[in-house]
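One structure is given here, and the rest of the page talks about it.
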Amino acid sequence: MERQGVTKILGVEICDGAVPIETHPFDRCTAFIAGNEGDGLTAQQKAICDGFVYVRQHGPGTASLNVAVASALCMHHFALWAGYEERAREGEKYVVGERRIRVNKRGVVGEDPDEVRRRRAAAREAAARDVDGDGDGSVGIEF
């Protein structure tokens, strides 16, 4: 798995070794993984985690939080820890940015998936031909 700048992956799970989210066990680029509401994280998801956090609950009313609620609380604590500025407010609402004009068909996010597959396949083929790894497509023999 490529982490793309992520320095820590924290699973949101009630398990041995998990620490309360309010202890803020974060790094600068922390990613969170939350499992499903019935079974939690899979063994495969747990294996890529660097640690685990949970949201403390008080009172006898429930066994766990809805995954969306638990995730929102984790991201809120991360935002507090990271010092994110609060958005501006107007009246009883937060000010949001201008809505972007759709450039793709409804249901299509970003580029056409077939075009992305073709471009990636071409990049793999080019990398396979570039034996010496310098990006020029040569096999590493120079005279």
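Read-outs throughout are calculated quantities, based only on the coordinates presented, and are distinct from any laboratory measurement. Just so it is clear, the model here is predicted, and its values are computed rather than measured. Cβ atoms come from the backbone with ideal geometry, glycine included; neighbour counts cover every protein chain shown.
Quick one: which of Ala34, Ala72, Ala63, Ala47 is of a type in the set (Gly, Ala, Ser) and in contact with a Ser or Thr (Cβ under 8 Å, 6 or more places away or on another chain)? Break it down stepwise before answering.
Details: Ala72 fails: in contact with a Ser or Thr (Cβ under 8 Å, 6 or more places away or on another chain); Ala63 fails: in contact with a Ser or Thr (Cβ under 8 Å, 6 or more places away or on another chain); Ala47 fails: in contact with a Ser or Thr (Cβ under 8 Å, 6 or more places away or on another chain).
Sole residue among the options that is of a type in the set (Gly, Ala, Ser) and in contact with a Ser or Thr (Cβ under 8 Å, 6 or more places away or on another chain): Ala34.
The rows are residues; the columns are (1) more than 22 Å from Lys8 (Cβ to Cβ); (2) free of Cβ contacts under 8 Å to residues at least 24 places away in the same chain; (3) within 19 Å of the chain's Cα centre (by Cα).
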| position | (1), (2), (3) |
| --- | --- |
| Asp27 | no, yes, yes |
| Ala34 | no, no, yes |
| His58 | yes, yes, no |
| Asn66 | yes, no, yes |
| Leu73 | no, no, yes |
| Phe78 | no, no, yes |
| Ala88 | yes, yes, no |
